[in-house]
Amino acid sequence: MDILFIFVIGSIFGSFFGLIVDRIPLRKSIIFGRSYCDSCQQLLAYRDLIPIFSQISSGSHCRYCKSKIPYLYVFLEFSSALIFVLAWVNYLKPSQFLLIILSLILSAFDYRQHSFPFVIWFIFALSFILIFPLSPLFYFWLILAVLAEKFNLRVGSGDFLWFFTASFSLTFLNEMLLLQIACSLGIIYYLITKKRVEIAFIPFLTIAYLMLLFGHQILSP
C-alpha cells in the first residue's frame, strides 16, 4: 500500500509538471486558474484531472470536443510516479532522483520549444548546491554555458546547464560516456527522421543518463 500511495503522489506531481510546461511559456499562473481544454476552452471536471486514469479512460481525447490530448501528459504522470517509487525503495540516490525529475521537466520543454525557462533550472540547481558538495568540475560547465550564450558554439547553453546539475551524480568520465551515447542517439534519430531542423538534445541526454543508471555503469563522483 505504501508503494501505491507513493505512485499516486508521484503521478500528481507529474500532472503538475505538465501544467508547468503548458503555462509558463504563456506566462500564466501555475497556482491559480482551473485547467481547461486548449482546443474548446471547456473547464475540466475533477474526473478529467485524475492523473494517468483520465487520459487512458478518454482514449486521449477531450470528452467535450473530442480533440486529441498529447501523450506528453500521461508520459509525465507515469514517469514521475515510477521515479517516486524507485526513490522510495532506495533504488535512486537523492541526487539521482532530483536530476531525473529535472531532466523530465526540461526534456518536455526542450521537446516542445527547443529551450527551457532558466528559472526552472535555477530552482533545481540551487537545491543541488544547498544539499550536495560542490567541486571544480561544476564551474567548468557553467563557464561553457556562459560562452555558449555569448558565442555560437553549436551547442545550446541549456545543455551545459544540464551537465552542471548532472555533475552532482556523475563523474567526469561518466559525463563523457553519457555525451557519446546521447550524440549517437541524436544521430540515429536524425538519420531515421531526416528532419533538417534543430534537435532537442536534452531528451537524448536524459535517455543516455537512464541507460547508464539502469545499466549500473554510473560511478559516484
Exercise. Can you find a residue in the range 66-77 that is in contact (Cβ under 8 Å) with a residue 40 or more places away in the chain, farther than 23 Å from Ala200 by Cβ and not in a loop (DSSP other than H, G, I, E, B)?
Worked result: no
Exercise. Condition test on Ile83, is it in contact (Cβ under 8 Å) with a residue 60 or more places away in the chain and either touching a Ser or Thr at 6+ places or on another chain (Cβ under 9 Å) or farther than 10 Å from Phe168 by Cβ (or both)?
Worked result: yes
For this session: Give Ile3, Ile30 a once-over and let me know the one that is of a type in the set (A, V, I, L, M), assigned to a helix (DSSP H, G or I) and surrounded by fewer than 16 Cβ atoms within 10 Å (Cβ to Cβ).
Result: Ile3
Exercise. Tally time: how many residues in the range 173-185 are touching a residue at least 40 places away in the same chain (Cβ under 8 Å) and open to solvent by 60 Å² or more (accessible area, probe 1.4 Å)?
Worked result: 2
Exercise. If you go through the range 9-16 one residue at a time, do you hit one that is of a type in the set (Val, Ile, Thr) and open to solvent by 80 Å² or more (accessible area, probe 1.4 Å)?
Worked result: yes
Problem set entry | Where a residue in the range 186-200 is within 20 Å of Ser115 (Cβ to Cβ) and its partner, wherever it lies, is open to solvent by 100 Å² or more (accessible area, probe 1.4 Å) and modelled with pLDDT of 75 or more, with Cβ under 9 Å and at least six apart | Ala200/Tyr111
Seminar exercise, completed: Within the range 92-150, restricting to residues that are polar (S, T, N, Q) and at pLDDT 90 or above, the one that is farthest from Leu82 (Cα to Cα) is Ser127
Exercise. Within the range 52-72, how many residues turn out to be in contact with a helix residue (DSSP H, G or I) (Cβ under 8 Å, 6 or more places away or on another chain) and either open to solvent by less than 40 Å² (accessible area, probe 1.4 Å) or of a type in the set (Val, Ile, Thr) (or both)?
Worked result: 8
Exercise. What residue, among those in the range 36-51 that are hydroxyl-bearing (Ser, Thr, Tyr) and either within 21 Å of the chain's Cα centre (by Cα) or not in a loop (DSSP other than H, G, I, E, B) (or both), is surrounded by the fewest Cβ atoms within 10 Å (Cβ to Cβ)?
Worked result: Tyr46
For this session: Determine if the range 190-197 includes at least one residue that is at pLDDT below 90, assigned to a helix (DSSP H, G or I), within 30 Å of Phe16 (Cα to Cα) and open to solvent by less than 60 Å² (accessible area, probe 1.4 Å).
Result: no
Problem set entry | Boolean, Phe78 is over 20 Å from Phe214 (Cβ atoms) and among the aromatic types (Phe, Trp, Tyr) | no
Exercise. Which residues, counting only those in the range 78-91, are in a loop (DSSP other than H, G, I, E, B) and either among the aliphatic types (A, V, I, L, M) or out of contact with any helix residue (DSSP H, G or I) (no Cβ under 9 Å at 6 or more places or on another chain) (or both)?
Worked result: Val89, Asn90
Problem set entry | Subset of the range 198-219 that is open to solvent by 50 Å² or more (accessible area, probe 1.4 Å), in contact with a helix residue (DSSP H, G or I) (Cβ under 8 Å, 6 or more places away or on another chain) and not in a helix (DSSP H, G or I) - its residue that is nearest to Phe124 (Cα to Cα) | Leu219
Seminar exercise, completed: Checked Ile123, Ile100 against criteria (closer than 30 Å to Ile199 by Cβ, outside any loop (DSSP other than H, G, I, E, B) and open to solvent by 40 Å² or more (accessible area, probe 1.4 Å)); the one match is Ile123
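The values are calculated or read from the model by the stated rules, or taken from the named source; none is laboratory data. Because the structure is a prediction, the values reported are computed rather than measured. Neighbour counts are summed over all protein chains in view; Cβ atoms, including those assigned to glycine, are modelled from backbone coordinates with ideal geometry. When the accessible area is computed, the model is the full protein with side chains, heavy atoms only, and any ligands, DNA or RNA have been set aside. Shrake-Rupley method; radii C 1.70, N 1.55, O 1.52, S 1.80 Å.
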